[in-house]
Amino acid sequence: MKDTLINVRDLALGHGGKPLCSGVSFEICKGDCIMLCGANGSGKTTLLKAILTMAGEETVMIPTRIPKVAGFTLREFVRISCFTRSDLGGRLSDADEMSLDAALRRLSIDHLEDRDISTLSDGEFQKAGIASAVVRKASVILLDEPTAFLDAENRISVLRTLRELCGTTAIVFSTHDLHDGLSVATKVFAIGSDGIFRCAEEDMDKCVETIFHKV
Amino acid sequence: MALAVADLSCGGTADFQVMLHLRMPRMATAMLAGAALSLAGAQMQSVLRNPLADPHIMGVSSGAALGAAIATMLGGRAGFSGNTLPGISTAGAAFLGALAAAIVILAASKKFKNATTLLIFGVMLGFIVNAIVSILQFSSDAESLKLFYSWTAGSFSNSTWPQILIMAAALAIGFIISYNSRKGLDIILFGDEFAQMAGAGVTGIRLRALLSSCVLTGAVTAFCGPLGFVGIVAPHIARAICRTSAHSTILPASLLTGCIISLAADLLSQLASAPLPTASTMAVVGIPVILYILIKKPAL
């Protein structure tokens, strides 16, 4: 019944020669909104990057803490992000410009398109990054800590946006805001303090607990 | 200048000679040097993501100075045609020195992925190279010291038309390389990780920018001596005037602002009864602007 987009079996994760987590198995299906949690240094970013490397071009990852460089409008930023779709001068095709318009409207940031990105809130800028993934026709969007450093209002707004996008794509986001994350997630990936990867669709709270305690 | 043009229209042949052999080469040199250094500065600021990066800070100019010092002091005065004009061998050695420093930076850019670390490496490289230059100066005779000093002071007055042609060619090559890489220079501003994940070849973008900067800086430093500040300041002025950071605009705009600043600094340095060293004039004009940038954007 479910459209499986990415299927991972028995993956071992490590960073800089140090093993982090082994026996990682999961499926990412169309419509999933997956919260990835774990302590700092547990391998969340490493896992997201591993998924990006294994998956095809239709998987897009938005890293955390992108600098808001002054001197670009929101629209220009989204256009720049579509690096592989633009020509030598950075111009997009008419069709892509139209899907850019659609993406901005869908994320409710179309009224900000001519604003300099340095004047945007972190939440609005995060949505611009998500918009670029939509323009790039991503079937899976990986977000590394999209809610980090956001105030409560922006955090909720970004998470709701992620949930809304899930109809047509799958989303995996890593976060430390477990409570807010759980409210929108349909699935949880947790890297436990025991170094074991767990995946849950039901009893998500219990799965989340494993990142704090040895079970 | 206006006076010279007026005389020229009256048919003064001596003035025509002055125009052709002194004034015009000097103006052309000033404009080309400013344009080239600013274009190099604009690219280096982007790939190193540092608002204060330019060829001078990255040690490329110091490499050129070392080349010149070796040619002047160890090679004796064989390389000098006439009494004061730096000859082709000094210029060539400066060019090679700039290239050598740039190659070290290129190698280091593979090792140090972090932009700030690379910048510090560049500054350190400059220190080391300058120290070697000082040691060479210490052990050289008074005559060559004087000659070398006049070169390091930075000047637009010693260029000949063939040298100007070389600088113009370098400017054209440097501009073509950078302008073709404009969308890569845009995306690298948002971080290596972001650029890579968007499908951009970060190493290639950085290599192209440094190669272009080398061609530009090498040619200018070889014929005018090490000139700082214009490379830092001009791109900032270009960004402020054009109100954008997009390289499709900023690259040509930096070229133009650099050209104008350099010409203005050169005219200023000629106002004094005895012409001042151009590098000093640029420092006096440029450093307040750099301090203003620092104060205005403390987060950088």
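The smallest convex shape that holds all Cα atoms of chain A, its convex hull, gives 129 Å³ per residue.
Distant-in-sequence amide contacts of A:LEU5, defined by a placed amide H-H separation under 5 Å and a gap of 5 or more residues or a different chain, comprise A:ILE28, A:CYS29, A:LYS30. Judged by a Cβ-Cβ distance under 4.7 Å, the unpaired cysteines of chain A are A:CYS21, A:CYS29, A:CYS37, A:CYS82, A:CYS199, A:CYS207. What the phi angles of region A:201-210 give under the Karplus curve with 6.51, -1.76 and 1.60, with θ = phi - 60°, is a coupling list of 10, 10, 6, 5, 4, 5, 5, 5, 3, 5 Hz, glycine and proline written as x. Antiparallel beta bridges, as assigned by DSSP with both residues in the protein assembly as shown, represent about 40 percent of the total such bridges. GNM remark for chain A: springs join alpha carbons under 10 Å apart, and the peak mean-square fluctuation among A:LYS44, A:LYS18, A:LYS137 falls on A:LYS18.
Here the relative contact order of region B:27-293, from alpha carbon pairs under 8 Å that lie six or more residues apart, stands at 34 percent. Other residues whose C-beta falls under 15 angstrom from the C-beta of B:ALA238 contribute a net charge of +1, scoring Lys and Arg +1 and Asp and Glu -1. How high is the relative contact order of chain A, given as a whole-number percent (alpha carbon pairs under 8 Å, six or more residues apart)? With pairs under 8 Å counted, the relative contact order is 30 percent.
Residues whose amide H lies under 5 Å from that of A:ALA170, counting only those 5 or more places away or on a different chain, are A:GLY31, A:VAL140, A:ILE141; hydrogens are built 1.01 Å from N in the peptide plane.
Which of the pairs A:LYS18/A:LYS127; A:LYS44/B:LYS296; A:LYS18/B:LYS183; A:LYS68/B:LYS110 have their Cα atoms more than 32 Å apart in this structure? Pairs exceeding the cut-off: A:LYS18/A:LYS127; A:LYS44/B:LYS296; A:LYS18/B:LYS183. Comparing B:ALA65, B:ALA219, B:ALA28 in a Gaussian network model of chain B, where Cα atoms under 10 Å apart are tied by springs, the biggest mean-square fluctuation is seen for B:ALA28.
Using only side-chain charges placed at the Cβ, +1 for Lys and Arg and -1 for Asp and Glu, the dipole size of region B:27-293 relative to its Cα centre rounds to 520 debye. Exposure proxy shown here: for A:CYS21, A:CYS199, the number of other Cβ atoms within 10 Å sets the order, fewest to most, as A:CYS199, A:CYS21.
Computed 3J(HN,Hα) for region A:50-65, one whole-Hz value per residue from the Karplus formula 6.51 cos²θ - 1.76 cosθ + 1.60 where θ = phi - 60°, is 5, 4, 4, 5, 6, 7, x, 5, 7, 9, 10, 10, 10, x, 8, 6, glycine and proline marked x. Largest GNM mean-square fluctuation across B:SER273, B:SER38, B:SER178, computed for chain B with C-alpha springs under 10 Å, falls on B:SER273. Put in order of Cβ neighbour count within 10 Å, fewest first, the listed residues A:PHE125, B:PHE16 become B:PHE16, A:PHE125. Here the Debye sum runs over all C-alpha atoms of region B:95-239 as equal scatterers in vacuum, and log10 of I(q)/I(0) at q = 0.12, 0.13, 0.18 Å⁻¹ comes out as -0.61, -0.71, -1.24.
The relative contact order of region A:68-137, computed from alpha carbon pairs under 8 Å that lie at least 6 residues apart in sequence, is 50 percent. From least to most packed, judged by other beta carbons within 10 angstrom and beginning with the fewest, B:THR281, B:THR13, A:THR168 follow the order B:THR13, A:THR168, B:THR281. Taken one residue at a time, the phi angles of region A:118-133 give Karplus couplings (6.51, -1.76, 1.60, θ = phi - 60°) of 5, 9, 7, 6, 4, x, 5, 5, 4, 5, 5, x, 5, 4, 5, 5 Hz. Gly and Pro are set to x.
The C-alpha atoms of chain A define a longest principal axis, and helix A:94-106 lies at about 60 degrees to it.
The DSSP beta bridges internal to chain A are antiparallel in roughly 40% of cases. Comparing A:HIS213, B:ALA240, A:HIS179 along the charge dipole axis of the protein assembly as shown, the residue lying farthest to the positive side is B:ALA240, per the Cβ-charge model. Calculated on the Cα set of the protein assembly as shown, radius of gyration then Dmax: 28.0, 98 Å. Can you classify region A:68-137 as rounded, prolate or oblate using the Cα gyration tensor, where a ≥ b ≥ c are the square roots of its eigenvalues, rounded means a/c under 1.5, and otherwise it's prolate if a/b beats b/c and oblate if not? Oblate shape, in that a/c is at least 1.5 and b/c is the bigger or equal ratio.
Of the trypsin sites (Lys or Arg not before Pro) found in region B:181-230, not one falls in a DSSP loop while having at most 13 other beta-carbon atoms within 10 Å.
Which helices, taking whole DSSP H runs in chain B, have alpha carbons extending 30 angstrom or more along the helix axis plus mean Kyte-Doolittle at least 0.5? Qualifying helices: B:24-47, B:88-111, B:115-138, B:202-224, B:247-271.
None of the figures in this text is laboratory data; all of them are computed from the coordinates on show. Not measured: the values here are computed from a predicted model. Cβ: placed from backbone, ideal geometry, glycine included. Neighbour counts: every protein chain shown.
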